[in-house]
1. On a 0 to 90° scale, report how tilted helix 63-73 is relative to the longest principal axis of the chain, with both axes built from alpha carbons and the result rounded to the nearest 10.
2. Just how many % of Cα pairs in the stretch 1-159 lie over 25 Å apart, if you round to the nearest whole percent?
3. With unit charges on the beta carbons (Lys and Arg positive, Asp and Glu negative) and the dipole taken about the Cα centre of the chain, which residue among Gly54, Leu226, Ile151 sits farthest to the positive side?
4. Expressed as a rounded percentage, what relative contact order does the chain have, with Cα pairs under 8 Å and six or more residues apart?
5. Excluding Asp36 itself, calculate the net charge of residues whose Cβ lies under 14 Å from the Cβ of Asp36, where each Lys or Arg counts +1 and each Asp or Glu counts -1.
6. For Tyr138, Tyr113, what's the fewest-to-most ordering of other Cβ within 10 Å of each Cβ?
7. Would you work out which of Ser172, Val120, Thr81 lies farthest towards the positive end of the dipole of the chain? Charges go on Cβ: Lys and Arg +1, Asp and Glu -1.
8. Net charge within 13 Å of Asp224 by Cβ-Cβ distance, Lys/Arg positive one each and Asp/Glu negative one each, not counting Asp224 itself?
Amino acid sequence: MRIDIVTIFPEFFSVLDVSLLGRARTDGLLDVHVHDLRSWTTDRHRTVDDTPYGGGAGMVMKPEPWAQALESILRPDGSSTLVVPTPAGTPFKQSLARSLAVEPHLVFACGRYEGIDARVFEWAASRCSVVELSLGDYVLNGGEVAAMAVIEAVGRLVPGVVGNPESLVEESHEDGLLEYPSYTKPASWRDIDVPEVLLSGHHGRVAAWRHEQQVERTRRVRPDLLPDA
Ligand code: 6GU
């Protein structure tokens, strides 16, 4: 999978060099390119923002540097997906991560300030798929940290990135429920014992207990997930 990221803070993305995703990049599974939006400006001050029409606080990102950037990055055959992290976007869920993971080319547009001139997405819609997504109901200063979260969630679903594909299926959200609690040795630690059933070696009873724990935990902390699960 090819991933391009456009940002005014390319240095944010140094974390993509480490851990599982860093390995996936050196293995050639993820081809990640980070671009500085300012390289598509033409004025002496490399201006990327301006005051909002209609007034109000904050600054808006100018459309032309974005159009120049996207014209040089989007594939001419329309096969690219433009991912725009914004608190005004559709909620990012595991299901959306799964659909993005099968795309050949993701382009992340990381906005700062009060966002990007809305005409950019209208203009881009005839050239690629556009997905505006939000991580949740809170506000970040810009799209960079959100893009990183999306790249990690999507990247680990690309075949070969996670060594044991079985570890992808028994996770929180994959079956619509939260994960069951996990334990390792020793069986008794600081007077707290691992639940007896996990020591029984009885696979059916272990599976039933884990499912029960998933349902109970989901009911307690995320009752909103139960109808779909
Ligand atoms: Cl995707 N972007 C920004 N800027 N803030 C957010 C967000 C995204 N998701 C939650 N808050």
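1. Approximately 70 degrees, to the nearest 10.
2. Working: 3301 of 12561 pairs.
When every Cα pair of the stretch 1-159 is considered, 26 percent fall beyond 25 Å.
3. Result: Ile151.
4. Numbers: 328 pairs, mean separation 46.3, N = 229.
Relative CO of the chain lands at 20 percent.
5. Values: positive: Arg38, Arg46, Arg112; negative: Asp4, Glu11, Glu144.
The answer is 0.
6. By the 10 Å Cβ count, ascending: Tyr138, Tyr113.
7. Of the candidates, Ser172 comes out farthest on the positive side.
8. Combined, the nearby Lys, Arg, Asp and Glu give +2.
All of the numbers you see were taken from the coordinates with simple rules; none came from a lab. These numbers come from a predicted model, not from an experiment. FYI the Cβ positions are ideal-geometry reconstructions off the backbone, even for glycines, and counts take in every protein chain you see.
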